[in-house]
Structure formats: C-alpha cells, structure tokens
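Student: Okay, handing you the structure first.
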Amino acid sequence: MTDDNPAQDNFAEGLDLAFEGAEDLLRAWRRGMRPDADLTVSEWADQHRWLSSRASAEPGRYRTARTPYLRAIMDALSPGHPAQRISFMKAAQVGATEAGNNWIGFVIHHAPGPMLAVLPTVEMAKRSSRGRIDPLIEDSPALKERVSPARSRDAGNSMLSKEFPGGILVLTGANSATGLRSMPARYVFLDEIDAYPASADEEGDPVTLAEARTTTFAHRRKVFMVSTPTIRGLSRIEREFEASDQRRYFVPCPHCGAMQWLRFERLRWAKGRPETAEYHCEGCERPMPEHHKTEMLARGEWRATATPEDPTAIGFHLSALYSPIGWKSWAQIARDWLAAQGSEEMLRAARNTLLGETWIESGEAPEWQRLADRREAYPAQIPAGGLFLTAGADVQKDRIEVDVWAWGRGMTSWLVDHVVIPGGPDDPACWDRLTALLGQTWVHEHGAVMTLARLAIDTGYESAAVHAWARTQGIAQVAPVKGLEGFNRATPVSGPTFVDATVNGRKLKRGARLWSVATATFKAETYRHLRSERPSDEDRDAGTLTLPGTIHLPDWIDSEWLKQLVAEQLVTIRNKRGYSRQEWQKLRERNEALDTRVYARAAAWILGADRFDERMWRQLERQAGVETTAAVSAPEPEQPGAPQAGRIAAPRRRGWKISTPRYME
C-alpha cells in the first residue's frame with residue numbers, strides 16, 4: 001500500500017476493521033456459550049462485590065466472613081434454593097440492606113430477570129439509587145460492563161430503572177401504586193416494610209401489590225422482605241416472620257460449647273457500669289467476654305424453631321447482640337438501653353432497633369378524673385411556651401366542633417379554645433362562622449396576637465360540603481384530612497393527593513386536595529403524653545419545668561370534654577389464621593375531643609413542626625416576644641420572607657403567621 005493509491009488503503013483498512021469486529025463477535029459468542037460458574041449469592045459477593053467509600057464504612061472487597069450470619073440468608077435468595085418468600089426481622093445496622101444489594105448484583109450478573117426493589121417512599125428509592133445502587137454497579141467490574149453509565153445516551157439506565165442483558169431493575173416507593181404495578185417481576189426486594197404506608201395511593205397494601213407482580217413466575221419467584229419491626233400486632237415483618245419457620249442464629253459458648261441464640265436478658269453488667277457488659281452462657285452460666293464474638297459468629301448456624309404452613313416461607317431474626325466487633329458493642333447496647341429508661345418513646349426505639357423486636361403499645365386510656373385534677377389556670381389565653389396555633393375541626397350532622405391548640409418546643413401543647421358551631425354542614429351560616437374563626441385572634445402571655453397557622457378539617461362526613469368550603473379558603477390555612485387505619489410513625493401524615501370531588505353539582509377537574517392521617521399513631525402519642533407524669537420537685541429545682549410532649553389542659557374545660565378525650569382504647573384482635581392486629585375502639589359514644597386533637601396534631605405535622613430546627617424555634621420565640629428584653633434600643637430589621645409580626649417592643653402584634661418551609665411548598 002502506498003499513498004499513490006488511496007482506494008487500496010481504504011479497502012485494506014476496511015478489511016482490518018471487519019476482522020477485528022469478527023474477532024470481537026467471536027469472543028462475545030464464546031463468552032455467551034461458556035456456562036456461568038454455579039455460584040450462590042454469598043459466593044458471588046465474595047468474588048465480585050466491591051464496597052465503595054461513598055456507601056460503606058469499610059470500603060474494599062466484600063467479605064461475607066465479616067457478617068457470617070448473612071451467608072444463609074443470601075444463599076436462600078439463590079435460584080437453586082427452594083425458598084420463595086424470605087423474611088428478615090432484624091435490629092438496625094446489621095448488614096441486611098447490603099445483603100439485598102448483593103442479591104441485586106447477583107441478579108444483574110448471574111441470574112438476569114425482571115427485578116423490583118421497593119423502598120418506603122419514592123424519594124428514598126431515589127436516594128438508594130444514588131447512594132447504594134450506583135456505587136454497587138460502578139465499583140464492581142462485573143456489573144459495570146453490563147449496565148450502561150447513567151450519563152450515556154442509553155435510556156436503559158435512569159435513576160429508578162437499570163437495564164441489563166436479560167433483565168431490568170426497577171426501584172420505586174411503597175407510596176406509589178403506579179410503581180408497584182409497573183411490570184411483572186421474578187425478583188422482589190422489599191426493604192423496611194414496616195415503614196411502608198398503610199395503602200399505596202389508596203389502592204391497597206403495598207406488600208400485597210408488589211408481591212402480586214410475581215404471580216406469573218410461579219415457583220421461580222423470590223420475594224425478600226426486610227425490616228426493623230415496629231408495633232406488636234401491626235408490624236408487617238413480625239407477621240411474615242411468625243408465618244415462617246422462625247430461624248434463630250445459634251452460636252457456641254467458648255467455654256462449654258453449648259449452642260444457643262443470644263437473648264438480651266442474658267447480657268449483664270455491673271450496676272451503673274454498662275462498660276462491664278458481658279453475655280452469660282445459658283449452659284454453664286459463665287460470662288463470655290466480647291472478644292470471643294468473632295469466633296462465635298463464624299461457628300454459628302441458623303436453626304428453625306417453628307413449622308410453617310407454607311414450606312417455601314422461611315424467616316430469620318437477628319438482634320444487635322450479633323453485631324460484629326467494631327460495629328455495635330455489647331457495652332454500647334447496655335449504654336443505649338440504660339439511656340432509654342424513663343422514656344416510653346426511647347424504650348420503643350431501643351426495643352425495635354437494638355433487639356429487633358416489636359413494641360407492645362398499651363393504648364390504655366388515662367382516667368378522666370386524673371386529667372381533671374391536672375387542669376391549670378393559664379396566665380393568658382396562650383401561655384408563654386405556646387409559639388403557634390393549629391386547630392382540628394370535626395364535622396357532625398348538627399354542628400362543627402373545633403379545638404384550638406398551641407404548640408411549643410418538644411411538641412408540648414396547650415388547649416387554647418373549644419368552639420362548638422351549631423348548624424351542621426347544610427347550613428351556610430355554620431360555614432360562615434367557621435370562616436370567621438380563621439381570622440380570630442388569641443393573645444399570648446408576652447403580648448403577641450396570634451391567628452391560626454393551620455386548621456385541619458375532617459372530610460369523613462359530608463365530604464362534598466367540606467371540600468367546597470375548603471376550596472374557598474385556599475390551601476395556606478386550611479387542610480382537608482381523612483383518617484386512615486393503622487400506624488405509621490415514619491410518616492403519620494401523607495399527601496396532599498388529589499381525589500375525585502364534586503362541588504355544587506360539578507366534578508372538579510383536578511379533584512380536591514386531601515391529606516391522609518394515620519390516626520392510630522397520633523392517638524397513641526396523645527395517650528402516651530397524657531399518661532406521663534409531671535416533673536417532680538427535684539426536676540423543677542434542676543430547671544426542668546416540663547417534659548417534651550406534655551399536654552396542658554385549662555381549668556375551664558369541663559368533664560364531658562375530658563371524657564371524650566379518653567373515649568377510646570387500643571385493643572388487640574386475632575383473626576382465624578392467628579395473626580393479630582391492633583385497632584382503636586370506642587369506650588363511649590362521643591369522642592369528638594380526641595378526634596379534634598388528632599386533626600390539630602396533623603395540622604402541626606403538615607406545617608413541618610416535627611422538623612423545625614433551632615433557627616425556626618428561635619424565630620417563633622422572637623415573634624411571640626419570649627426573647628424580648630426589658631428595653632429595646634432599636635427594632636430589628638425585617639428579614640425577607642420571614643413570618644410577619646410587629647416590632648418586638650409592641651405589646652400586641654398582629655398578622656401572625658408561620659412562613660411555610662421550602663420543603664413543604
């Protein structure tokens with residue numbers, strides 16, 4: 001070839017390229033014909049998984065030996081294992097999510113097929129994609145060559161969808177019915193199912209909807225359910241575990257060799273010295289220093305402790321006592337448990353996250369007479385600690401009942417007003433009086449004049465009339481709500497969503513805005529705070545004037561209202577299959593005070609009060625005059641976008657409102 005003949009040069013280059021392409025095609029064909037190694041999920045992870053520093057505290061090659069209790073769980077997810085439904089009820093931070101991610105990597109590389117991964121919300125699914133799935137693919141060469149980079153023009157890799165040869169991974173949230181019914185799936189990974197909402201867009205239980213995607217795959221399907229448990233009788237993961245063979249991880253005593261599964265009551269320490277915590281063998285009663293744990297875990301084995309009706313359903317339970325050396329120590333578990341004493345909320349969290357067990361919610365209604373004895377004489381309509389107002393409205397046939405609550409730090413609350421508007425939803429004058437209530441003012445102890453920051457109104461009765469009135473008031477101050485059964489501590493209020501509604505005989509084009517409220521959660525919280533004891537004289541001497549969440553009741557409220565506030569009780573009901581559930585039942589007919597309390601609490605959640613930072617609380621205190629000094633030399637300049645209030649020196653401030661945080665807009 002010479003420069004004198006360009007045509008010959010181009011022809012030769014074309015032949016070279018053709019031969020190179022043929023060789024690439026031949027290599028790909030040979031690779032495709034070569035059978036994959038017969039690996040389990042744990043073996044695949046040890047060979048191919050690399051942990052990113054972005055997503056792991058221990059980056060580098062994944063080692064199942066670090067958490068040997070996960071080996072059998074991961075291997076049950078392998079195609080050759082007969083189990084179809086695998087549940088894992090566990091303490092926090094024991095590596096469960098990484099086991100699920102290993103399964104995802106195994107499916108992409110070794111057993112391709114359609115896979116659905118479900119997180120509690122769509123937003124959490126996006127965070128998981130960015131923080132866990134993308135590093136999983138990027139840092140494991142076997143996966144990187146099978147999934148196109150997200151920045152490429154290949155639409156097969158987006159934040160919530162990862163295509164690979166022979167399959168696809170779709171991530172979604174349990175709050176999205178559309179995502180849950182998006183496709184058939186052979187593999188389904190359900191992470192933190194106890195944090196799922198009771199219903200996905202009001203279309204049913206998210207777990208049931210997701211599991212229905214596997215129907216066409218019959219015996220070849222795999223469903224992996226993982227969660228830290230929540231409340232006894234309501235916990236999804238507890239229900240799944242109880243329906244399984246209930247496997248426990250048995251480890252040997254380093255002294256006598258007795259096999260046993262670790263129980264919290266056998267973790268013992270000297271009084272007031274959690275750093276001395278040691279586990280005592282149930283066989284020889286000798287203490288096991290924690291440095292033996294690595295060997296104990298390595299020699300451990302899972303043993304079934306029950307016989308399930310469905311032989312393809314297996315379940316695993318693990319507490320934080322099994323956490324590897326360098327993670328959660330026995331001393332830290334003892335320290336956390338001691339720190340939780342005296343707080344029912346902290347004890348619930350400790351039982352869930354440390355022991356991996358459900359919390360038994362008592363739900364006992366306080367005696368109304370005891371509440372009557374605790375009534376207080378307020379120094380003003382709104383005591384000093386109240387920093388903003390919300391109201392709950394309950395619509396009845398012949399009246400609308402409204403309770404106004406003031407809220408302060410730690411979600412401490414004061415009942416400020418009780419209003420009964422006669423007339424009912426078919427009386428225009430009744431709605432006019434409710435509208436006037438939105439502009440009514442109440443005086444703070446420090447002189448500020450406050451209006452309602454938000455009113456939540458129930459749509460359960462005469463919803464068309466409620467939606468019609470709410471639309472005329474706008475969305476800034478009024479929130480139509482609907483109560484849902486069940487608990488949801490992670491997101492007790494969800495929305496707003498748009499529901500079909502008819503106003504004045506016309507169907508609204510986009511529907512009506514509606515917030516969904518897990519009423520059971522706020523009822524349990526209310527009773528828990530009503531049962532809590534007030535600070536002792538010693539606490540007051542130490543400067544503790546009130547406990548977070550304390551509910552203050554005024555001396556002008558009557559006994560009928562108090563009886564309505566404690567009119568329900570949480571009971572446990574078992575069905576024919578032996579599953580238990582908890583529900584609130586009335587002890588007496590009228591319960592309006594409890595309902596309006598729940599709606600007012602939901603209004604505070606909608607405002608974002610549970611997520612207010614220190615800056616926001618200080619801003620509210622300035623508006624109320626709590627931080628006012630005796631003399632103010634000059635007024636503070638108003639900040640753009642700050643809630644409107646008068647000058648600090650003014651004895652009465654008008655136009656009170658809370659600016660909506662950006663994340664709530």
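The values are calculated or read from the model by the stated rules, or taken from the named source; none is laboratory data. Predicted model only: the values in this text are computed from it and were never measured. Counting neighbours? That spans all protein chains shown, and the Cβs are built from the backbone with ideal geometry, glycine included.
Student: Out of all the residues in the range 426-471, which are among the acidic types (Asp, Glu), under 23 Å from Trp407 (Cβ atoms) and in a loop (DSSP other than H, G, I, E, B)?
Tutor: The one that is among the acidic types (Asp, Glu), under 23 Å from Trp407 (Cβ atoms) and in a loop (DSSP other than H, G, I, E, B): Glu445.
Student: So is Arg232 closer than 30 Å to Leu570 by Cα and surrounded by fewer than 18 Cβ atoms within 10 Å (Cβ to Cβ) or not?
Tutor: yes
Student: With respect to the numbered conditions (1) touching a residue at least 24 places away in the same chain (Cβ under 8 Å); (2) under 30 Å from Glu614 (Cα atoms), which one is the sole condition not fulfilled by Gln440?
Tutor: Unmet for Gln440, out of (1) touching a residue at least 24 places away in the same chain (Cβ under 8 Å); (2) under 30 Å from Glu614 (Cα atoms): (1).
Student: Among the candidates Asp154, Asp191, which residue alone is of a type in the set (Asp, Glu) and modelled with pLDDT of 90 or more?
Tutor: Asp191
Student: Between a first residue in the range 314-334 that is over 13 Å from Arg268 (Cα atoms) and a second residue that is among the charged types (D, E, K, R) and in a loop (DSSP other than H, G, I, E, B), which pairs have beta carbons less than 6 Å apart while being 6 or more apart in sequence or on different chains?
Tutor: So the pair list comes out as Ile314/Asp245; Ala320/Lys328.
Student: Here is a follow-up. Any residue at all in the range 539-555 that is surrounded by 13 or more Cβ atoms within 10 Å (Cβ to Cβ), farther than 26 Å from Ala198 by Cα, of a type in the set (Val, Ile, Thr) and at pLDDT below 85?
Tutor: Yes; the residues of the range 539-555 include at least one that is surrounded by 13 or more Cβ atoms within 10 Å (Cβ to Cβ), farther than 26 Å from Ala198 by Cα, of a type in the set (Val, Ile, Thr) and at pLDDT below 85.
Student: Before we move on, is Pro274 surrounded by 18 or more Cβ atoms within 10 Å (Cβ to Cβ) and more than 29 Å from Ser87 (Cβ to Cβ)?
Tutor: Numbers: surrounded by 18 or more Cβ atoms within 10 Å (Cβ to Cβ): yes; more than 29 Å from Ser87 (Cβ to Cβ): yes.
So Pro274 fits the description; yes.
Student: Which of the following residues is of a type outside the set (Lys, Arg) and without any contact (Cβ under 8 Å) to a residue 60 or more places away in the chain: Asp394, Asp432, Asp403? Before you say what the answer is, go through the steps one by one.
Tutor: Details: Asp394 fails: without any contact (Cβ under 8 Å) to a residue 60 or more places away in the chain; Asp403 fails: without any contact (Cβ under 8 Å) to a residue 60 or more places away in the chain.
When all the criteria are applied, what remains is Asp432.
Student: Sticking with this structure for a sec: Within the range 193-229, count every residue that is surrounded by 23 or more Cβ atoms within 10 Å (Cβ to Cβ) and either assigned by TED's automatic domain parsing to the domain that holds Gly495 or acidic (Asp, Glu) (or both).
Tutor: Number satisfying all stated conditions: 1.
Student: Within the range 254-272, can one find any residue that is within 19 Å of Trp359 (Cα to Cα), in contact (Cβ under 8 Å) with a residue 60 or more places away in the chain, among the hydrophobic types (A, V, I, L, M, F, W, C) and outside the structural domain of Ile333 (by TED's automatic domain parsing)?
Tutor: no
Student: May I ask you to verify whether Gly100 is outside any loop (DSSP other than H, G, I, E, B) and touching a His at 6+ places or on another chain (Cβ under 8 Å)? Step through it out loud before you land on a result.
Tutor: On the way: outside any loop (DSSP other than H, G, I, E, B): yes; touching a His at 6+ places or on another chain (Cβ under 8 Å): no.
Against the criterion (outside any loop (DSSP other than H, G, I, E, B) and touching a His at 6+ places or on another chain (Cβ under 8 Å)), Gly100 does not qualify.
Student: Could you list, in sequence order, all residues of the range 76-95 that are surrounded by fewer than 17 Cβ atoms within 10 Å (Cβ to Cβ) and either within 28 Å of the chain's Cα centre (by Cα) or under 22 Å from Trp330 (Cβ atoms) (or both)?
Tutor: Residues satisfying the conditions are Ala92, Gln93.
Student: Are any of the residues in the range 66-75 within 26 Å of Phe250 (Cα to Cα), more than 30 Å from the chain's Cα centre (by Cα) and either outside any helix (DSSP H, G or I) or modelled with pLDDT under 95 (or both)?
Tutor: no
Student: Return the residues of the range 213-244 that are assigned to a loop (DSSP other than H, G, I, E, B) and either β-branched (Val, Ile, Thr) or at pLDDT below 90 (or both); say none if nothing qualifies. If you could, list the steps in order and put the result at the bottom.
Tutor: If we filter the range 213-244 for residues that are assigned to a loop (DSSP other than H, G, I, E, B), which is where we start, we get 221, 228-230, 232-235, 243-244.
Scanning the range 213-244 gives Thr228, Thr230, Arg232, Gly233, Leu234, Ser235.
Student: Also, quick follow-up: Go through Gly408, Gly356 for me and flag whichever is under 26 Å from Arg618 (Cα atoms), buried (at least 19 other Cβ atoms within 10 Å of the Cβ) and within 31 Å of the chain's Cα centre (by Cα).
Tutor: Being under 26 Å from Arg618 (Cα atoms), buried (at least 19 other Cβ atoms within 10 Å of the Cβ) and within 31 Å of the chain's Cα centre (by Cα) holds for just one of Gly408, Gly356, which is Gly408.
Student: Note down all Cβ pairs under 6 Å where the first residue falls in the range 593-611 and is under 12 Å from Thr390 (Cα atoms), the second is in a helix (DSSP H, G or I) and of a type in the set (Ser, Thr, Tyr), and they're at least six residues apart or on different chains.
Tutor: Arg597/Thr526; Val598/Thr519
Student: What pairs come up if the first residue lies in the range 68-88 and is without any contact (Cβ under 8 Å) to a residue 40 or more places away in the chain and not assigned by TED's automatic domain parsing to the domain that holds Ile108, the second is surrounded by 22 or more Cβ atoms within 10 Å (Cβ to Cβ) and outside any strand (DSSP E or B), and their beta carbons are under 7 Å apart, counting only those six or more places apart or on different chains?
Tutor: Pairs found: none.
Student: Would you check if there is a residue in the range 378-400 being surrounded by 15 or more Cβ atoms within 10 Å (Cβ to Cβ), assigned to a helix (DSSP H, G or I) and either basic (Lys, Arg) or at negative phi (or both)?
Tutor: No; the residues of the range 378-400 include none that is surrounded by 15 or more Cβ atoms within 10 Å (Cβ to Cβ), assigned to a helix (DSSP H, G or I) and either basic (Lys, Arg) or at negative phi (or both).
Student: Quick one: Gly257 ticks every box in (1) touching a Ser or Thr at 6+ places or on another chain (Cβ under 9 Å); (2) assigned to a loop (DSSP other than H, G, I, E, B) except a single one, so which number is it?
Tutor: (1)
Student: On to the next question. Thr312 fails exactly one of the following numbered conditions: (1) outside the structural domain of His81 (by TED's automatic domain parsing); (2) among the polar types (S, T, N, Q); (3) farther than 24 Å from Pro254 by Cβ; (4) in contact with a strand residue (DSSP E or B) (Cβ under 9 Å, 6 or more places away or on another chain). What is the number of that condition?
Tutor: The one condition Thr312 does not meet is (1).
Student: Also: Quick one: Trp269 ticks every box in (1) buried (at least 17 other Cβ atoms within 10 Å of the Cβ); (2) of a type in the set (A, V, I, L, M, F, W, C); (3) not in a strand (DSSP E or B) except a single one, so which number is it?
Tutor: Going through the list (1) buried (at least 17 other Cβ atoms within 10 Å of the Cβ); (2) of a type in the set (A, V, I, L, M, F, W, C); (3) not in a strand (DSSP E or B), Trp269 breaks only (3).
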